[in-house]
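**Q** Here it is, the structure, as structure tokens.
The values are calculated or read from the model by the stated rules, or taken from the named source; none is laboratory data. As the structure is a prediction and not an experimental result, all values here were calculated from the model. Virtual Cβ from ideal backbone geometry, glycine too; neighbours counted across all protein chains shown.
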Amino acid sequence: MASFTKGKNGWRAQIAIKGVRDSGTFSTKAEAAAWAGERETEIRRQGATGVVGGKTCGDAFNRYIKEVSVTKKKPKWEETRLTTLGEEQFGTLKLRDVPLGNLTSDMLGQWRDKRLKEDEVTGSTVNRDFGLLSHVFTVARREWKWISASPTTDVLRPKNSPPRDRPIAQEEIDRIVLASGFDECQVRQIKQRVGVAFLFAIETAMRAGEICGLLPAEVKGPVATLSDTKNGTRRDVPLSARALELLTFLPEPEKGAPLFGLSSASLDANFRKLKTAAAVEGLTFHDTRHEAITRLARKLNVLELARMVGHRDLKMLQIYYNETASEIAKKL
């Protein structure tokens, strides 16, 4: 039963049902009665379904960051993203303040449309956010019993943006290497290291972070063993004769230091400078991975390529195979 008491600050509602006590203060008695009725219904539903009521999206985000994100390779991205998503406006409330039980697929659908049309973000960006929200709500449903169903389940996802395809012309490669000062001899400057890293990436399809973290002990013969990869899976990368030659131009690293002597931030900043000096536009260091895989696709079959570059989904590699029917016919 609910009880109502008029005080200086308004009407105070108190409920006690199924061993749960709660209270709240409201401007009018009608508001207090409405809250008491909703809260009693929520508590009864909780008793029947085992779902814990009274939790907001912000509560779910905070617990997810503390218990789930910390177990992942890059927890900071999820923490930053969930904090930002919590500030998104959903009607009169910010998402973090919306009760979990009140968040609907319709609300999320309207937010999706706003992001695409008004904020002009890509479908891939929206889908990454949906993927994160979906996992938060799935954990909240399965493990924490905070909701009985995920509000993301019935929301239509936009199409992902076409994969980035920025080929690198040989002339652009030559200009960037020239700007780096690397001339096939022992490197002494940071920008020369970046030039070697650029060429090494095109030979191996390794990511910037993988190159920067490569240790001398991880290169044995013509194979580099990567323990710190994007998906956290150990990977062996075969090295071409050219890739091995490029490593010989690097100075002997200090004990325990990576081969290239570069951090990801340093590589990115210096590569930007090289692009400007070489008058190359619209290129990122990560484009070397696409260029490398495209080149390797002419030499390796799809299973060999997948093993080398670390793709688990073979469909993702189809975009790198561009042979015509007549070229394939010559192989038959």
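**Q** If you scan region 197-210, which residues turn out to be out of contact with any Ser or Thr (no Cβ under 8 Å at 6 or more places or on another chain) and at pLDDT 90 or above?
**A** Scanning region 197-210 gives Ala197, Leu199, Phe200.
**Q** May I ask you to verify whether Ala292 is surrounded by 12 or more Cβ atoms within 10 Å (Cβ to Cβ), of a type in the set (Gly, Ala, Ser) and at pLDDT 90 or above? Write out each step before concluding.
**A** On the way: surrounded by 12 or more Cβ atoms within 10 Å (Cβ to Cβ): yes; of a type in the set (Gly, Ala, Ser): yes; at pLDDT 90 or above: no.
Answer is no for this residue.
**Q** On to the next question. Looking only at region 42-65, how many residues end up being at pLDDT 75 or above, assigned to a helix (DSSP H, G or I) and of a type in the set (Ser, Thr, Tyr)?
**A** The qualifying residues number 1.
**Q** For Thr25, all conditions in the list (1) assigned to a strand (DSSP E or B); (2) modelled with pLDDT of 90 or more hold save one; what is the number of the exception?
**A** All conditions pass for Thr25, except number (2).
**Q** Looking at region 109-137, I want the residues that are in a loop (DSSP other than H, G, I, E, B) and have a partner that is surrounded by 15 or more Cβ atoms within 10 Å (Cβ to Cβ) with Cβ atoms under 6 Å, at least 6 apart or on another chain. Which pairs are those?
**A** Matching pairs, first to second residue: Val121/Arg115.
**Q** Related question: I'd like to verify a number: residues in region 71-82 that are exposed (fewer than 11 other Cβ atoms within 10 Å of the Cβ) and within 15 Å of Phe137 (Cβ to Cβ), how many?
**A** Total meeting the criteria: 0.
**Q** What about Glu120, is it over 30 Å from Glu67 (Cα atoms), of a type in the set (D, E, K, R) and exposed (fewer than 15 other Cβ atoms within 10 Å of the Cβ)?
**A** Yes: the conditions hold for Glu120.
**Q** Here's another thing I want to ask about it. For the condition surrounded by fewer than 16 Cβ atoms within 10 Å (Cβ to Cβ) and free of Cβ contacts under 8 Å to residues at least 60 places away in the same chain, what is the one hit in Gln170, Gln192, Gln186?
**A** After applying the criteria, what remains is Gln170.
**Q** Let me ask something else about it. Taking interchain pairs and intrachain pairs at least six residues apart, which have beta carbon atoms under 8 angstrom, with the first residue in region 266-288 and assigned by TED's automatic domain parsing to the domain that holds Ala205 and on the phi > 0 side of the Ramachandran plot and the second assigned to a helix (DSSP H, G or I) and not aliphatic (A, V, I, L, M)?
**A** Note: pairs meeting the criteria are Ala279/Arg175.
**Q** From Val98, Val20, Val68, which residue is at pLDDT below 85 and surrounded by 15 or more Cβ atoms within 10 Å (Cβ to Cβ)?
**A** So the residue among Val98, Val20, Val68 that is at pLDDT below 85 and surrounded by 15 or more Cβ atoms within 10 Å (Cβ to Cβ) is Val20.
**Q** Can you find, within region 252-271, the residue that is modelled with the lowest pLDDT among those that are surrounded by fewer than 13 Cβ atoms within 10 Å (Cβ to Cβ) and part of a loop (DSSP other than H, G, I, E, B)?
**A** Gly256
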